[in-house]
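The values are calculated or read from the model by the stated rules, or taken from the named source; none is laboratory data. Being a predicted model, the structure only gives us computed values, none of them experimental. Note that each Cβ is placed from the backbone with ideal geometry, even for glycine, and that neighbours are counted across all protein chains shown. To get the accessible areas, we keep the full protein, side chains included, count just its heavy atoms, and leave off ligands, DNA and RNA. Shrake-Rupley method; radii C 1.70, N 1.55, O 1.52, S 1.80 Å.
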Amino acid sequence: SMAGPAMQQPSFLLANLKIDSTTKPFLQCCQELVKIIDDYPAKELHLIFPWLVESVFGSLDGVIVGWNLRFLQACSNQYNIVMDFLNPSGPMMKLVYKLQAEDYKYEIPVSFLPGPVKVSIQEGVLPDCPLLNNKLHFPLSGLQTLSLALNPFEYYMFMFASSLITPKNYSLGQHVSSLDSAYFVLVDTYLKYFLPTEGSVPPSPFTNKRGSVSPPAPRAPSVPFAGYGTHSTSLLKRHISHQPSVTADPAAQEIWRSEALLQVFVEMWLHHYSLEMYQKLQSPQVKLALLQYRLSMSSMPCQPLTTPGSGTLDTYQEPFTPTEEHVLVVRLLVKHLHAFSCSLKPEQVSSSAHSHTSPLEELKRVVVHRFVQQKLYVFLQHCFGHWPLDASFRVVLETWLSYIQPWRYTGEKTNPQTDQNKGVPEKWSLFVQENLLMYTKLFQGFLNRVVRTDLVNVKNALMVFRVAKVFAQPNLSEMIQKGEQLFLEPEHVLHHRQHRCFLSPGHGGSFLSARQPVVTDRVFRVKSHVYGLEGQDCQYKQMFGTELRGTVLKLIQIIDQARQTAKKISDQSAEVAANNSFMSWFGMGSPDLNYTFNGGEVDDTGACVKTHEFLERSLDYLCQIFRLNAGQLSQLMATLGSGQDDGNSKQLPDSVQGEKGLILTDLGRMQVINGLRRFEIEYQGDPELQPIRSYENAILVRLFFKISSLVNERFGGHMDALCSRSDFLGQLGRHYLASPEAAADGRSPETRVTAERNRRPRLSLRMLASYRTLLMLLLLYLFGALFSSGPMSSTLLILTGGFLYGLLSCPVWR
C-alpha cells in the first residue's frame, strides 16, 4: 500500500509504483494513480511523470510497449478505464497541467526526431521546424547528443504522437488495430477538444506563479537560420538561449495548447520523407547556412572524424514507409482540420480587420495553409511513389481526396447525389489555386500508378472511379485550369520585385508572430505555392497540357480494355452461376463457391457495383474532366479495336526476342495485366523430373524412374545408335524412345538452352504410374478374365496391342 504524501520520499514513491504496476490489477493501479495525482505536490509528481508516460505510451526505442493503445479495442475490459484516465479532462491531463504550472522541462534526445530533422541538426543546421524553437539543449559532449527541452504538455503529446510510428516488440497473435482502437479514438478526442469547431478551448485548471501558463516563445522572424559549425555555435546559442521571452499575451494564452498539439502531430506524422525532398523544401536561408557551414568545416586544418554514411546530409536516406494505420490517423487529422477551418464564422472570413477576431478564429483561418499543406504534400507524394501497387493504396487515396475536398467538411448535411450535380462553390477557387500542386501533381502521380495496375481487379477499378468522380465535379476542373493559367502568367505581372524570393508556408514559429504580409495578387499566391513546394527551378507539367493529355488517352484505352475483359468475366461467371443453380436441382452443382467470379464492390451510395460498371463510369467522368466528346472517344476506341487480336486469347503478348528468351514490351505488360493475352505456362524442364501430379502414384513414379534410369544408363548407347538409323527400325525407335515434350512448340517464352535440352532418346515408364493407365490395365485384365484368359496371356495381348498401335501411328506410314 502507498504511504501518505508527508511520510514518503519521492524516490520511494516511484519505486513503489514500479512494483505495483507488475503485481497489482490494472484497475487498482489506475485508481491509486488518480489518488496520487490529486494528493501529491508537483515537486514529487515531477519525478514519476516520465516513467508514467512511458508506461502508457511505450518508450521511444520501442523496448517498453506500454498499454498497447493501438491494439486496445472497445470490447476489452480495460478500454473504458484507459479512456477515462487519458481523457482531455481526466487524471493524466490533470497531472500535465499541474506540472505545467511549475515550468518543469523534460528532455527528448534529438536522435528520436524524424530522420531529416535529426540529421540536419546533427550536421549543424537548425531546421525550419517550429517545434524546435528555443528548445534545443546543448550538452558538453557535442552535437550528436543534443536533446529537446519540452514542457509537460509538449512532452506528453510528443510521446503520444511517437507511439504511432515507433516500432514495438508486440507479442505474437496481436491483430492490426482498427478505427475503433483506443489510440484512434484518443486522437479524435484530443483534436476535438484542443481544436474545437464550436466554442473555445477549456482553460487549464492550474496556473503558475505569474497567474498564467506561458506559451512557447516563437522565433524572432528577423533572425535568419544559422549554421552552427565550429565558428557559429556561440551565435546560435545566444539566439536560442538568450532570446527575450514573450510576454503573457492573452491571445497566446488561449490557443497555445492547440498550436502545440498541432505542431507535434504534424512534425511527427508528416515529417518522414527522403532527405533530398527535405533539402528542396528548405528556405534559401537554410541552404545558405548549410553552404556556409560546409565551407567553414572544409577550411579547418583538422576536421572532426565522422563515419562515412552515418548521419551525413550527402549519404542519408530515410528507410521510412508509412503503415496503413499511420495514414488512417493522418486522414483523421486532415478531416478534422478541414472541419475546424470550415467552422470559421462567415463574417470573420470576409472581414479584413483581424484585430477584432479571437485567436482561435485566427488559427482557423490559417491552420491548413500554414501548418499542414507543405508537409502533407510531400508525405502524399512519397506515398504515391513508394506504396505497393495493390488495393491497400486506398487509404492513401482517401487521405488525398479528403484534403482536396474541404467543402465536404463544412458541417452542412449534403446528399452525395445532389452534391455531385451541384458542383464546387465558387468560394473555394482560392483554396484550389493555393493548393494547385495537390490537384495537378498528385493527379499525375496517380495516373502513373494506374497505368501499371490491374484494373480488372474491382478494388483497383473502384479507386479509379473515386478519383474520376471527384475531379469531375462541376466547376472543379475549371478552377484547376484557372490556377494553371495564373501560374503560367509572365513574370512581369508581379509588380513586387522585392518578393521574388517566394515564401514557403512553414516559416515562423507561432502564427501570431510576424504574420506574412497579406498579398491579394492571386498570381503571386499560386507562384508562391508552386515555387515553395517544388523549388524555383521546377519544371511544371500542366494537368490540361498536351503532354499529360496523351497519358490520359492511354489510360482511357487501358480502362476500356479492362472493361471489356471484366465484362467478359462477369458474363462467364453469370453463366456458371446459372448452370450451377440448374444442376443443383439434381445434386450435381459445383461445390466450389469460389468458382464464380465476384466482381462487386460498394460505391459511394451503398449500392453494389461490378467492375465493368465502375470502369464505364470512370470513362464518362474522364471525358467530362478533359472535355472529350463522343466522336473523339469512339475514334479512340476504334483505333484500339484495330490493334486488338479479335478475341484470339492464344496469341502471345507483345514481346521482343532477347538473349535469354522473350522480353515483354510496355504494350505486352498492359496486355498481361488486363488479361488480354497470356503466355501458356507449362513445364519446360526434364519431363522425368517434373513434380509428381495428383493423378499419379508417388511410389510407382519413383520406382519406374529408377528402373528406366538403370535401363537408359546401361543401354543408352544402343538407343542412340538405333534412333540414328534412317530405316524403318530407326523410325520405330524414335517413336518409342524420343521424348515428345522435347520439341518446342513456340507457345511459351522458353530459352534456347531449355529448347536444346533433353533431346536424347531414352525409355520412359512414368505413364505407367498414372491412375488412368492403371485403371485401363485393370479393366483390360478384367475383360480378359471374362474370356478365361490368364494373367500371362492378358499381358502378352496388351503388349502386342500396344506394339501394333505404335507401329500404325509411326511416321513411316504417313
- Alpha carbon centre of the stretch 17-31 versus the stretch 46-112: separation in Å? 15 Å
- Nearest-10 value in Å² for the accessible area of Val334, using the 1.4 Å probe: 10 Å²
- Task: Go through 102-115, 774-787 and give me the packing order, highest mean Cβ count within 10 Å leading.
- Result: 102-115, 774-787
- Residue by residue through the stretch 365-376, the couplings from Karplus 6.51 cos²θ - 1.76 cosθ + 1.60 with θ = phi - 60°, in Hz, x for Gly and Pro, are 5, 10, 4, 5, 5, 7, 9, 10, 3, 4, 6, 5
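Rank by packing, highest mean first: peptides 436-444, 727-735, with packing defined as the count of other Cβ atoms within 10 Å averaged across residues.
Details: 436-444: 21.9, 727-735: 15.2.
Result, highest mean Cβ count within 10 Å first: 436-444, 727-735.
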- Among His718, His382, His326, what's the order by accessible area (1.4 angstrom probe), most exposed first? His718, His382, His326
- Percent carbon-and-sulfur accessible area, the stretch 770-813, ignoring ligands, DNA and RNA, probe 1.4 Å: 81 percent
- Item | For Met543, residues with placed amide H under 5 Å, excluding near neighbours | none
- Query: So what J values fall out for the stretch 663-673 if you push phi through Karplus, 6.51 cos²θ - 1.76 cosθ + 1.60 with θ = phi - 60°, rounded to Hz, Gly and Pro as x?
  - Reply: 10, 5, 8, 4, 5, x, 4, 4, 5, 6, 4
- Message: 5 Å is the cut-off here: which amide hydrogens, built 1.01 Å from N in the peptide plane, fall below it relative to Ser147, excluding neighbours closer than 5 in sequence?
- Response: Val110, His137
- Message: Keeping all protein chains in the complex and leaving out DNA, RNA and ligands, what accessible area do you get for Asp38 with a 1.4 Å probe, in Å² to the nearest 10?
- Response: 70 Å²
- Query: Taking a probe of 1.4 Å, how large is the accessible area per residue of the stretch 40-131, in Å²?
  - Reply: 34 Å²
- Which residues qualify? For Ser655, with a placed amide H closer than 5 Å and at least 5 residues away or on another chain, they are Thr665
- Item | Residue order for Leu488, Leu533 - accessible surface, 1.4 angstrom probe, largest first | Leu488, Leu533
- For the stretch 770-813, accessible area per residue (1.4 Å probe, heavy atoms of protein chains only), Å²: 80 Å²
- Cα-Cα over 31 Å: which of Lys427/Lys610; Lys168/Lys469; Lys35/Lys345; Lys18/Lys94; Lys135/Lys168? Lys427/Lys610; Lys168/Lys469; Lys35/Lys345
- ³J(HN,Hα) across the stretch 422-435 via Karplus (A = 6.51, B = -1.76, C = 1.60, θ = phi - 60°), whole Hz, x for Gly/Pro? 5, x, 8, x, 4, 5, 8, 4, 5, 4, 4, 5, 7, 10
